[in-house]
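Participant: Pasting in a structure now, in structure tokens, and then I'll have a few things to ask.
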Number of protein chains: 2
Amino acid sequence: MIPKQQVKFINSLQYKKYRKKAQAFLIEGEKCVEELLNSDFETLILAGTTEYLSQHRERFKDYKGTTYEVTEKILQQSGSLKTNNRVLAVAKMKEEQLFTIGNEYVLAIDDLQDPGNLGTIIRIADWYGITKILASENTVNFYNPKVIHATMGSFTRVKVHYCDLSLFLDGRSSIKKYGAFLNGENVHTIKMSVPAIIVIGNEANGISSEISNLIDQRIHIPKIGCAESLNAAIATAIICDNMFRDF
Amino acid sequence: MIPKQQVKFINSLQYKKYRKKAQAFLIEGEKCVEELLNSDFETLILAGTTEYLSQHRERFKDYKGTTYEVTEKILQQSGSLKTNNRVLAVAKMKEEQLFTIGNEYVLAIDDLQDPGNLGTIIRIADWYGITKILASENTVNFYNPKVIHATMGSFTRVKVHYCDLSLFLDGRSSIKKYGAFLNGENVHTIKMSVPAIIVIGNEANGISSEISNLIDQRIHIPKIGCAESLNAAIATAIICDNMFRDF
């Protein structure tokens, strides 16, 4: 049995204020919890159905935190997902480390609002071996449970560093900055230099004018049909796929 | 003033049963409503804030249906979106037309569940000039308001035809069928034939075994990093971008 107070505590982690206070965050669903247990994040609480817990003893044999056997109803009451019927976990946030850019590609997110979009971008970065993302302070929070869920476990491998993005970019004059626009050089033919920072804009407004001024090279995805634009995560995926074609 | 009964009617269009009964569907947000008014769909109801209606008289000068001036609160009560603060519309569903495949690329969706994913795929198809999508009967409904919203207006240009997908594919032996898997030929190097059908699988399970048996050519997206898979809409975008590289 899980105490009511714990259900309330886990549920409170949907809100940034309570995550910050507890320095903890919520991870829902089998795939994300599996990746969490294999990562260097510290797991504090695990709550799974009887079926899940009996099927996956092997996965958490080294786990030392608290485990609760719960019903599907409790899982859904504690978490943010209406569809989670297996497991959730609470883990400790990591301390922010120094953010340096080596000979690599880094993504920069300018005010993205949708948690699903940020999570999907983290998953894309992980697919292409990009391990660092810069995010403007107004971008949706990395530890939002909907972001974590959309990463499908990639949150364990990709670091998101929040900063004053224009100040950060302005201070990195030696690193070429690319930005996705509706005009610019064709991503099919451009050969990007390394290191590079690729800036992705807000869902509705694209890249802000302040950040636009810091972009060295505008790039665009060729369009054949009629849609006015592409979703931010979709554009990121197509750019990444083109960046890594020669590998 | 909008009658309470109309608010209730509009709200009921979130459910397939009521859409079917009314042969009508719900369109929310400025971009989607703008595209609706420019399309050959018949608009039945328009409900906008005083500000929206006064700013965009030009857009609906030819519109003959009912218009309601409403508050943001009413918009959110009538619709499915918590963030819609401008306008919504109700339009008449179109009668299904005969689905034929010419010398073109067609997407086929095998049991996709998430409305945002289907809407995003419709938007991607529209970006690349693909106007026809086949969908298995268990795929989320095209007229679901969350699907419509995620298309960002592309629902007006892309037709989705629901059918027994394995029966349909089995009957089209002269058209090459490609399917996205975690193995297969590299999308960076394959040259796809036209016409072709590109099959996209379910979010969790990929392409079903029944449909897998009908695929002529497996294709895959090269991975450099560690994520186990890509989101279905993301995979669709990368495949489309590669299909159209020579245009």
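Participant: Look through segment B:1-39, keep the residues that are in a loop (DSSP other than H, G, I, E, B) and free of Cβ contacts under 8 Å to residues at least 24 places away in the same chain, and return whichever of them is nearest to B:SER154 (Cα to Cα).
Facilitator: The first filter runs over segment B:1-39 and keeps only residues in a loop (DSSP other than H, G, I, E, B), leaving B:1-3, B:13-15, B:23, B:29, B:38-39.
Applying the additional criterion that residues be free of Cβ contacts under 8 Å to residues at least 24 places away in the same chain yields B:3, B:15.
Details: B:PRO3: 31, B:TYR15: 21 Å.
Step by step, filter segment B:1-39, then rank; the result is B:TYR15.
Participant: Considering every residue within segment A:230-238, establish whether at least one is part of a helix (DSSP H, G or I), among the hydroxyl-bearing types (Ser, Thr, Tyr), in contact with a strand residue (DSSP E or B) (Cβ under 7 Å, 6 or more places away or on another chain) and surrounded by 18 or more Cβ atoms within 10 Å (Cβ to Cβ).
Facilitator: Taking segment A:230-238 as the starting set, the residues that turn out to be part of a helix (DSSP H, G or I) are A:232-238.
Keeping just the survivors that are among the hydroxyl-bearing types (Ser, Thr, Tyr) gives A:236.
Filter again for in contact with a strand residue (DSSP E or B) (Cβ under 7 Å, 6 or more places away or on another chain), leaving A:236.
Retained after the next criterion (residues that are surrounded by 18 or more Cβ atoms within 10 Å (Cβ to Cβ)): A:236.
Checked segment A:230-238: at least one residue is part of a helix (DSSP H, G or I), among the hydroxyl-bearing types (Ser, Thr, Tyr), in contact with a strand residue (DSSP E or B) (Cβ under 7 Å, 6 or more places away or on another chain) and surrounded by 18 or more Cβ atoms within 10 Å (Cβ to Cβ).
Participant: Against the condition within 11 Å of another protein chain (Cβ to nearest Cβ), over 14 Å from B:VAL106 (Cα atoms), surrounded by 21 or more Cβ atoms within 10 Å (Cβ to Cβ) and modelled with pLDDT of 95 or more, how does B:ILE211 come out, does it pass?
Facilitator: no
Participant: Inspect segment B:41-58 for any residue being in contact (Cβ under 8 Å) with a residue 60 or more places away in the chain and within 24 Å of the chain's Cα centre (by Cα) and give the result as yes or no.
Facilitator: yes
Participant: Given the conditions (1) within 13 Å of chain B (Cβ to nearest Cβ); (2) surrounded by fewer than 20 Cβ atoms within 10 Å (Cβ to Cβ); (3) under 30 Å from A:GLN6 (Cβ atoms), report the number of the one that A:ARG123 does not fulfil.
Facilitator: Only one criterion in (1) within 13 Å of chain B (Cβ to nearest Cβ); (2) surrounded by fewer than 20 Cβ atoms within 10 Å (Cβ to Cβ); (3) under 30 Å from A:GLN6 (Cβ atoms) is unmet by A:ARG123, namely (2).
Participant: So which strands (runs of 3 or more DSSP E) stay within segment B:65-110 end to end and still have 1 or more residues that are of a type in the set (Gly, Ala, Ser), surrounded by 14 or more Cβ atoms within 10 Å (Cβ to Cβ) and at pLDDT 95 or above?
Facilitator: On the way: elements: B:66-69, B:87-92, B:105-109.
Strands (runs of 3 or more DSSP E) meeting the threshold: B:87-92, B:105-109.
Participant: Looking for something small (Gly, Ala, Ser), outside any strand (DSSP E or B) and surrounded by fewer than 17 Cβ atoms within 10 Å (Cβ to Cβ) - is there at least one such residue anywhere in segment A:173-180?
Facilitator: The first filter runs over segment A:173-180 and keeps only residues small (Gly, Ala, Ser), leaving A:173-174, A:179-180.
Add one more test, that the residue is outside any strand (DSSP E or B), and what stays is A:173-174.
Checking the rest, the ones that are also surrounded by fewer than 17 Cβ atoms within 10 Å (Cβ to Cβ) come to A:173-174.
Yes, that holds for at least one residue.
Participant: Ok, one more. May I ask you to say which residue of B:SER193, B:SER166 is within 20 Å of B:LEU118 (Cα to Cα), polar (S, T, N, Q) and not in a strand (DSSP E or B)? Steps first, answer last, please.
Facilitator: On the way: B:SER193 fails: within 20 Å of B:LEU118 (Cα to Cα).
Of the residues listed, the single one that is within 20 Å of B:LEU118 (Cα to Cα), polar (S, T, N, Q) and not in a strand (DSSP E or B) is B:SER166.
Participant: If you don't mind, another one. In segment B:214-247, how many residues are more than 14 Å from chain A (Cβ to nearest Cβ) and either under 26 Å from A:SER229 (Cβ atoms) or of a type in the set (A, V, I, L, M) (or both)?
Facilitator: Total meeting the criteria: 2.
Participant: With respect to A:LEU165, determine if the residue is crowded, with 21+ Cβ neighbours inside 10 Å and in the same structural domain as A:LEU112 (by TED's automatic domain parsing).
Facilitator: Considered against the rule, which asks whether it is crowded, with 21+ Cβ neighbours inside 10 Å and in the same structural domain as A:LEU112 (by TED's automatic domain parsing), A:LEU165 comes out as yes.
Participant: Give me the residue from segment A:126-150 that is free of Cβ contacts under 8 Å to residues at least 60 places away in the same chain and among the hydrophobic types (A, V, I, L, M, F, W, C) and, out of that set, surrounded by the most Cβ atoms within 10 Å (Cβ to Cβ).
Facilitator: Result: A:VAL147.
Participant: Let me ask something additional. Looking at (1) in contact (Cβ under 8 Å) with a residue 60 or more places away in the chain; (2) not in a helix (DSSP H, G or I), which is the only condition B:ASN117 fails?
Facilitator: For B:ASN117, the exception is condition (2).
Participant: Within segment B:160-177, does at least one residue satisfy the condition of being within 14 Å of chain A (Cβ to nearest Cβ) and either free of Cβ contacts under 8 Å to residues at least 24 places away in the same chain or more than 22 Å from B:ARG123 (Cα to Cα) (or both)? Please lay out each step first, then the result.
Facilitator: Step one: filter segment B:160-177 for residues within 14 Å of chain A (Cβ to nearest Cβ), giving none.
No: segment B:160-177 contains no residue that is within 14 Å of chain A (Cβ to nearest Cβ) and either free of Cβ contacts under 8 Å to residues at least 24 places away in the same chain or more than 22 Å from B:ARG123 (Cα to Cα) (or both).
Participant: Which residues, counting only those in segment A:59-68, are touching a strand residue (DSSP E or B) at 6+ places or on another chain (Cβ under 8 Å) and either under 25 Å from B:GLU228 (Cβ atoms) or without any contact (Cβ under 8 Å) to a residue 60 or more places away in the chain (or both)?
Facilitator: Step one: list which residues in segment A:59-68 are touching a strand residue (DSSP E or B) at 6+ places or on another chain (Cβ under 8 Å), which gives A:60, A:63, A:65-68.
Once the filter is applied, which keeps residues that are touching a strand residue (DSSP E or B) at 6+ places or on another chain (Cβ under 8 Å) and either under 25 Å from B:GLU228 (Cβ atoms) or without any contact (Cβ under 8 Å) to a residue 60 or more places away in the chain (or both), segment A:59-68 yields A:PHE60, A:TYR63, A:GLY65, A:THR66, A:THR67.
Participant: Among the listed residues A:GLY153, A:GLY225, which satisfies the condition of being without any contact (Cβ under 8 Å) to a residue 24 or more places away in the chain, touching a helix residue (DSSP H, G or I) at 6+ places or on another chain (Cβ under 6 Å) and not aliphatic (A, V, I, L, M)?
Facilitator: Of the residues listed, the single one that is without any contact (Cβ under 8 Å) to a residue 24 or more places away in the chain, touching a helix residue (DSSP H, G or I) at 6+ places or on another chain (Cβ under 6 Å) and not aliphatic (A, V, I, L, M) is A:GLY225.
Participant: Applying the selection to segment B:131-190, what residues are over 30 Å from B:LYS21 (Cα atoms) and among the hydroxyl-bearing types (Ser, Thr, Tyr)?
Facilitator: Passing the criteria: B:SER173, B:SER174, B:TYR178, B:THR189.
The values are calculated or read from the model by the stated rules, or taken from the named source; none is laboratory data. Since this is a predicted model, take the numbers as computed values, not measurements. Cβ sites come from the backbone with ideal geometry, for glycine too, and all protein chains shown count toward neighbours.
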